[in-house]
Amino acid sequence: MTNNMSDPLVIAGRSFQSRLFLGTAGYPNQKVMLDALKASGSEMATMSIRRMDLSGTEEGLLDVIRGKVHLLPNTAGCHTAHDARLTADLAREALETNWIKLELIGDRELLYPDIVELVRTTEELVNDGFVVLPYCNDDPIACRRLADVGAAAVMPLGSLIGSGQGIANPRMIELICERSPVPVVLDAGIGTASDAAQAMELGCSAVLLNTAVSKALDPVRMASAMRLGVEAGRGARLAGRMPKRDFAEPSSPQLGLIGG
Amino acid sequence: MTTENTIRVNGETEALAEATTLSVLLADKGVDAGAKGVAVALNGRLVQRATWAETPVAAGDVLEIVQAKQGG
């Protein structure tokens, strides 16, 4: 039997027992976020880099989360290579990690990646010593380009950020997983636990999600459900599913039927 | 106010009485050299913490003082 204890995920030499990465934004309050993080079993949480509130009244998130999990700062909201690179530099200084979730957004409404800038900036950050995990299109060629320039993992979207619409193009995610030389982390679009399970069944190495948990009616319970979904999907992937058939195939023996 | 005697800090214009250093300016804002999880950019470039004390701040400069916050 395979369980997650014997099936670690390794990204850039760092080993994870959990294949779920969790965002820290948009929870009802900090306690719910921390409880959800614990319930998710996640070992890495994403954070943003934003202007400090100089009035000193803000509740510090870092103090309560540091040491519990690995931190993965992001460049969320960056539309230019310059802003993304500067944000990565600031994140490395502030959080003392060279890991960065690289978001380079090409459109404010869709929050869709600008793939040309993304590939170029990934290469620059890799050359500058960063472990880069780019948020990217569900495009096998884009993913290959990113791996070619040194991305530690690729993170194709399931569907638009925060949309909760699940995996819009499952076959393409499966193709990306089959071809990628680096781990594939399904990022964005997950709405519920079955979406997370599906990502893992398609061959993803991990899932990164935020809104599906933080905006659930009961975020802590959903975090737990996501953990189970990821584990179930990973287990099913490793187990190897049965082939699909066009017609019924009886599961009970045909010999020894009474009557006739 | 003109840029001759002002700086911009996190998008806000403020007066700068006289040229100073980054560490003094940050201390005035309650950010000391030991503050965890903080990073500073001056005119679009990171200034490493170790060099705050020797980094001059002059009129017209643009500062970003950031920290890690909730994110996805």
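The values are calculated or read from the model by the stated rules, or taken from the named source; none is laboratory data. Bear in mind that the values here come from a model prediction, so they are computed numbers and not experimental data. Here the Cβ positions follow ideal geometry from the backbone for every residue, glycine too, while neighbour counts run over all protein chains shown. Ligands, DNA and RNA are stripped out before the accessible areas are found, and what is left, the full protein with its side chains, is counted by its heavy atoms. Shrake-Rupley method; radii C 1.70, N 1.55, O 1.52, S 1.80 Å.
Can you pull out the GluC sites (Glu not before Pro) in segment A:11-61 whose DSSP state is coil and whose Cβ has at most 12 other Cβ atoms within 10 Å?
Details: sites: A:E43, A:E58, A:E59; in loops: A:E43, A:E58, A:E59.
Sparse-neighbourhood loop GluC sites (Glu not before Pro): A:E58, A:E59.
For segment A:2-238, list log₁₀ I(q)/I(0) at each q in 0.12, 0.17 Å⁻¹, using the Debye formula over Cα point scatterers of equal strength and ignoring solvent, two decimals each.
Rounded to two decimals, the profile gives -0.60, -1.30.
222 nm [θ] for chain A, helices only, -39500 (n - 2.57) per DSSP H run of 4+, per residue, to 500?
Working: 9 runs with 97 residues, N = 260.
It comes out at -11000 deg cm²/dmol, rounded to the nearest 500.
Taking H placed 1.01 Å from N in the peptide plane, check which residues at least 5 places from A:M47 or on another chain put their amide H under 5 Å from its amide H.
Sorted by chain and number, the residues that satisfy this are A:L72, A:N74.
Can you give the net charge of the other residues whose Cβ lies under 15 Å from the Cβ of A:I161, counting K and R as +1 and D and E as -1? Please list the in-between numbers first.
Numbers: positive: A:K101, A:R108, A:K215; negative: A:E103, A:D107, A:E109, A:D114, A:D138, A:D187, A:D195.
Net charge in that neighbourhood comes out at -4.
Which cross-chain or sequence-distant (5 or more) residues have an amide H under 5 Å from the amide H of B:V57, H modelled 1.01 Å from N in plane?
B:T20, B:T21, B:L22
Of the beta bridges DSSP finds with both residues in segment A:3-134, what % are antiparallel, to the nearest 5? Please list the in-between numbers first.
Values: 4 of 16 bridges.
Restricted to segment A:3-134, the bridges split so that about 25 percent are antiparallel.
For chain A, find the longest principal axis of its Cα atoms and tell me its angle to the long axis of helix A:30-40, 0 to 90°, nearest 10.
The helix A:30-40 is inclined about 40 degrees to chain A.
Need one number: buried accessible surface between chains A and B, 1.4 Å probe, both sides summed, DNA, RNA and ligands left out, in Å² to 100.
Working: alone 13730 and 4930 Å², together 16350 Å².
About 2300 Å² of accessible surface is lost on pairing.
Between A:K215 and A:K31, take the C-beta separation as r, use R0 = 22 Å, and let me know the FRET efficiency to the nearest 0.05. Before the final figure, lay out the partial values.
Working: r = 16 Å, r/R0 = 0.75.
Efficiency computed from Cβ-Cβ geometry: 0.85.
What is the distance, in nm, between label points placed 7 Å from the Cα along the Cα-to-Cβ direction at A:R14 and at A:Q254?
5.5 nm
Taking the dipole about the Cα centre of the protein assembly as shown, with the C-beta of Lys and Arg at +1 and of Asp and Glu at -1, give me whichever of B:Q48, A:M33, A:P250 is farthest to the positive side.
Comparing the listed Cα positions along the dipole, A:P250 ranks first.
Quick one: of A:K31/B:K29; A:K215/B:K69; A:K38/A:K215; A:K38/B:K69, which pairs are farther than 20 Å apart, Cα to Cα?
On the way: A:K31/B:K29 28 Å; A:K215/B:K69 18 Å; A:K38/A:K215 17 Å; A:K38/B:K69 18 Å.
Exceeds cut-off: A:K31/B:K29.
In chain A, what percentage of the DSSP-assigned beta bridges are antiparallel, given to the nearest 5? Please report the intermediate quantities before stating the final value.
Details: 4 of 25 bridges.
Of the beta bridges lying entirely in chain A, close to 15 percent run antiparallel.
How many angstrom separate the Cα center of segment A:7-32 from the Cα center of segment A:98-128?
Between the Cα centres of segment A:7-32 and segment A:98-128 lies a distance of 21 Å.
Quick one: which residues, 5 or more positions from A:L208 or on another chain, have an amide H under 5 Å from its amide H? H modelled 1.01 Å from N in the peptide plane, none for Pro or chain starts.
Under 5 Å from the amide H of A:L208 lie the amide H atoms of A:F21, A:L186, A:D187, A:A188, each far enough along the sequence or on another chain.
Say R0 is 45 Å: what FRET efficiency, to the nearest 0.05, do B:E14 and A:V116 get from their beta-carbon distance?
0.75
Projected onto the charge dipole of the protein assembly as shown (+1 at Lys/Arg Cβ, -1 at Asp/Glu Cβ, origin at the Cα centre), which of A:S224, B:A15, A:M155 gives the Cα projection farthest towards the positive end?
After comparing all options, I get A:S224.
Over chain B, what is the relative contact order in percent, taking alpha-carbon pairs closer than 8 angstrom and at least six residues apart? All intermediate terms of the calculation are to be shown ahead of the outcome.
Numbers: 108 pairs, mean separation 30.2, N = 72.
Computed over chain B, the figure is 42 percent.
Rounded to whole Hz and in sequence order, give me ³J(HN,Hα) for segment A:228-233 from the Karplus expression 6.51 cos²θ - 1.76 cosθ + 1.60, θ = phi - 60°, writing x for Gly and Pro.
5, x, 5, 5, 5, x
Round to the nearest 0.05 the FRET efficiency obtained for B:E4 and A:H70 when R0 = 56 Å and r is the Cβ-Cβ distance.
Working: r = 46 Å, r/R0 = 0.82.
So the FRET efficiency works out to roughly 0.75.
Counting only other chains, what is the mean number of Cβ atoms within 10 angstrom of the Cβ of each residue in peptide B:35-45? Each step should come with its number before you reach the end.
Details: counts 2, 7, 13, 5, 11, 4, 5, 0, 0, 4, 2.
That average works out to 5.
How much of the accessible area of chain B, in percent, comes from carbon and sulfur atoms when a 1.4 Å probe is used?
Values: 1830 of 3750 Å².
Its accessible area is 49 percent carbon and sulfur atoms.
What does the charge count around B:A39 come to, taking other residues whose C-beta lies under 9 Å from its C-beta (Lys +1, Arg +1, Asp -1, Glu -1)? Each step should come with its number before you reach the end.
Details: positive: A:R92, B:R49; negative: A:D89, A:E93, B:E64.
So the environment of B:A39 carries a net charge of -1.
Nothing charged except the Cβ atoms of Lys and Arg (+1) and of Asp and Glu (-1): what's the magnitude of the dipole of the protein assembly as shown about its Cα centre? Round to the nearest 20 debye. Could you put the intermediate results ahead of the total?
On the way: 31 positive and 40 negative charges, 248 e Å.
The calculation lands at about 1200 debye.
Applying the Karplus parametrisation 6.51 cos²θ - 1.76 cosθ + 1.60 with θ = phi - 60° to the phi angles of segment A:123-133, what ³J(HN,Hα) value in whole Hz is obtained for each residue in order, glycine and proline being reported as x?
Calculated HN-Hα couplings, in order: 4, 5, 5, 4, 5, 8, x, 7, 8, 9, 10 Hz.
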